[in-house]
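What follows is calculated from the coordinates using simple rules that are stated; it is not laboratory data. For clarity, every value in this text was computed on a predicted model and none was experimentally measured. Because the Cβ atoms are built from the backbone with ideal geometry, glycine has one as well, and the counts that use them run over all protein chains shown.
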């Protein structure tokens, strides 16, 4: 545990000035602010729809999720996985890293865990800023009825599903960034995988759940289905694509450990 903690703190200090670290904070704020600005400037059109409080929140939440879940989240995970490992590639410090008097598994696990933490922080802030900007809109446009429904449970469940759905993508990209130190190969494969995932997820292919890059799209499709429920928060978190994502994450995490230990002795 001590080795893991030391390695995790080390990862923070090494990457705290990188774009991947700050993007986890800046992206949620910017996207949620832009969505809120859109609702503010088009408030007349939205008010004419006479949405119930719950449906107004779902439309607002759907606007943020649609932008973030389909494109921003997969590409952020791809870039962030590359960035975490590129520090060692760029400085050629893999062998030095594993020469430290720390448990090798702890060093590797800290890198992976740090990447998971960055995704968690990013999605937590998305949920938090969505909630905050919704109530800010209520203050700026009193005719809105955001204050008549508490969306906390819906936000937590949707973003929890997105977090779990992203772990399969992270695990694939983490291994690719271990194998290759250049930017183009992991990003190129990730880009192709994301496009394929969006297409297969949106067309409703029955085997789309087997493609990790389709998992965020499948989660977003479930958000559309949730609108038809009497209680939009009454949907399961652990669905087929989530179980598949977790299996990918576990298996590839183990494979990645053997890859990185072989790399350390070269």
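Quick look at the numbers
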read-out	value
Candidates 37, 75, 158: whichever shows maximal mean-square fluctuation once the chain is modelled as a Gaussian network with Cα springs under 10 Å	37
Helix 104-140 axis, angle to the chain major axis (alpha carbon atoms, nearest 10°)	20 degrees
Cα-based helix-to-principal-axis angle, 19-41 vs the chain, degrees rounded to 10	10 degrees
Listed residues 189, 78, 107, most fluctuating in the chain (Gaussian network, C-alpha, under 10 Å)	189
Cα-based shape type of the stretch 114-157, given that a ≥ b ≥ c are square roots of the gyration tensor eigenvalues and the cut on a/c is 1.5	oblate
Folded to 0 to 90 degrees: helix 215-226 orientation relative to the chain principal axis, Cα	20 degrees
Inter-probe distance in nm under a simple model that places probes 7 Å from Cα toward Cβ, at residue 205 and residue 124	3.5 nm
Stokes-Einstein D for the stretch 10-144, Kirkwood Rh over Cα pairs, 10 °C, 1.306 mPa s (µm²/s)	93 µm²/s
Over the stretch 2-264: Kirkwood hydrodynamic radius from C-alpha pairwise inverse distances, Å	19.5 Å
GNM result for the chain, Cα springs below 10 Å: residue of 15, 42, 233 fluctuating most strongly	42
